[in-house]
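First up is the structure itself, then whatever we jot down about it.
The values are calculated or read from the model by the stated rules, or taken from the named source; none is laboratory data. What you are looking at is a predicted structure, and each value in this text was computed from that prediction instead of being measured. As a convention, Cβ positions derive from the backbone with ideal geometry for all residues, glycine included, and neighbour counts pool all protein chains shown.
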Amino acid sequence: MNDTSKLEQIQRKAEKRVKTGKIFTLFLIVILVLFFLILAFENLFNIKTVTVIGISAAVPYDSDDVSAFLNIKKDTNLITYDSGSAEESLLYEFPYINSVEIKKKLPTTLEINITENKGTMYLTLGRDTFIVSSKGRVLEIVSDPFYDGIKRTHLMTEGVKRCICGEDIVFDKEEKLEILCEVTESLEKYSMIGSITKIDTSDKFNVKLTYDNRFEITFGTFEKADAKVKLLSEMLDSDIWRDSTGQIDISDPSEALVKFTGNVAN
């Protein structure tokens, strides 16, 4: 082997060592980067702040109760946190929550957005009184439906099979809940639910309402509920009804029949 061949062989070995060194260095850098990324992932994105939005003073719990229920530990990672399961648990535990959305805000904040059920009605079954939402969800059992100073509508109905907090009222016929929702959703739409002191859906062909404990209202069937409530809302938006008592028939939404039984304001 001549000197030129030996020189080329030495050069190739040197280049191979350099190449191997570069690969090892690159591999080491990748390992270090992954190590620091994992370390940052485990510590940098840990939940430090839980913010609860949407809770009013009208419900029997507050933001601290919601946070305490979730029981989020200090080392809980924000990115891997199972928000879906947490949302389901909140809906089950707190009947007044109608919907909940949990948002992850990097680097360390968990934001819980809550939409509440409003306890607009109450239902008495035997010795128990239940606060109920306009959609028929049972919210809580109380001794006094007006314990918090909120006006609530007395719901009178028949055929209740099950009434459990956190669930919808179960009737002997599903259509009864549909009838109730048709009427109450329209009353909420026209901001009248707070003025209706009683709803009687015992007879689906002859639903009856009481307005402000002064007017007995014949609603008829739940069909065209929106048109009937709109008509009623427009009628009662006048001072003439303020000091009056009587009877109103809106079973035909094209016209209303009125009979005054008390003094009519001039």
*Would you pick out the residues in region 188-212 that are in contact with a Gly (Cβ under 9 Å, 6 or more places away or on another chain) and loosely packed, with under 15 Cβ neighbours inside 10 Å?*
S202, F205, N206
*asked:* For a quick check of your reading of the model, give me the residue pairs whose first member lies in region 161-182 and is farther than 23 Å from Y92 by Cα, whose second is part of a helix (DSSP H, G or I) and among the small types (G, A, S), with beta-carbon atoms closer than 6 Å and at least 6 apart or on different chains.
replied: E182/A225
*Residues (among the basic types (K, R) and touching a Pro at 6+ places or on another chain (Cβ under 6 Å)) located in region 104-162*: R152
*Search region 105-163 for residues being basic (K, R) and in contact with a Phe, Trp or Tyr (Cβ under 7 Å, 6 or more places away or on another chain), and hand back the single one that is surrounded by the most Cβ atoms within 10 Å (Cβ to Cβ).*
R152
*For F219, are the conditions met, namely being in contact with a strand residue (DSSP E or B) (Cβ under 7 Å, 6 or more places away or on another chain), closer than 27 Å to F130 by Cβ and of a type in the set (A, V, I, L, M, F, W, C)?*
yes
*Index of the failed condition, N71 passing every other in (1) modelled with pLDDT under 90; (2) loosely packed, with under 11 Cβ neighbours inside 10 Å*: (1)
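Which members of region 144-163 meet the condition of being β-branched (V, I, T) and farther than 24 Å from R214 by Cβ? I'd like the intermediate steps shown before the answer.
First, the residues of region 144-163 that are β-branched (V, I, T): 150, 153, 157, 160.
The one that is β-branched (V, I, T) and farther than 24 Å from R214 by Cβ: V160.
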*Tell me which residues, restricted to region 221-243, are crowded, with 18+ Cβ neighbours inside 10 Å and within 18 Å of T157 (Cα to Cα).*
F222, A225
*What is the number of the single condition among (1) surrounded by 15 or more Cβ atoms within 10 Å (Cβ to Cβ); (2) outside any loop (DSSP other than H, G, I, E, B) that P253 does not meet?*
(2)
*If I79 satisfies every condition in (1) surrounded by fewer than 16 Cβ atoms within 10 Å (Cβ to Cβ); (2) of a type in the set (A, V, I, L, M); (3) in contact with a strand residue (DSSP E or B) (Cβ under 6 Å, 6 or more places away or on another chain) but one, which is the exception?*
(3)
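Out of E188, E255, E175, E158, I need the residue that is among the charged types (D, E, K, R), touching a helix residue (DSSP H, G or I) at 6+ places or on another chain (Cβ under 9 Å) and under 22 Å from M121 (Cα atoms). Which one?
E158
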